[in-house]
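The values are calculated or read from the model by the stated rules, or taken from the named source; none is laboratory data. Bear in mind that the values here come from a model prediction, so they are computed numbers and not experimental data. Every residue, glycine among them, receives a Cβ derived from its backbone with ideal geometry; neighbour counts consider all protein chains shown.
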Amino acid sequence: MNVEISSRVLPGIGVCQEIELRDEHRIGIVTRRTGLRDLVIYDEDGDGSALSIALTDDEANAVAEILGAPQLTSRLAALQMQAEGLIVEQLPIPHDSPYARRPLGDTQVRTLTGASIVAVLRRSAAIPSPTPDFVLMPGDLVVTVGTQDAVDQVAHILAGTLNPATNPATNPAPPPGTDHRPSG
């Protein structure tokens, strides 16, 4: 069975994502503009909610972990982050990454690319807003938000394949009209 997630804007409130279950019941998650979330179970005729439960961030994360954080996080991120020019991707930390077993801050991802790592998926757990001292482990998936070019650069940084000499963030081009060749 292929379950489709429908999404609709609730003016002044936020976004509601809903699914219809196989027995024709509907459930939804309302993500408020404040960041709070509500789990909504609709009554049988579909006109209103039979039950609405406000979730704290910790509770929402626990529900996500129970339901399978990688799948849920990627779908919600894709639906919520549809801003023009931005993408959301899950990038792996390879076993041979120079950043495996090192703090996230060592990557300097935001400084070098402008992209942000907004969460780390480890096994079935989602770690939102990891701090610079969060230690990355082989097999982690980092949820990255940025332009396509920036996210591509993050993938190369994490894999250890980005050449700093060709990275405009660390090696800017000289101003036009300047010549840095030795005279002789």
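If you go through the range 40-49 and keep only what is at pLDDT 75 or above and either in contact with a Leu (Cβ under 6 Å, 6 or more places away or on another chain) or loosely packed, with under 11 Cβ neighbours inside 10 Å (or both), you end up with just Ile41. If the condition is being surrounded by fewer than 16 Cβ atoms within 10 Å (Cβ to Cβ) and closer than 16 Å to Thr111 by Cβ, then the range 134-155 contributes Thr147, Asp149. Screening Ser52 on (1) over 21 Å from the mean Cα position of the chain (by Cα); (2) polar (S, T, N, Q); (3) at pLDDT below 80 shows it passes everything except condition (3).
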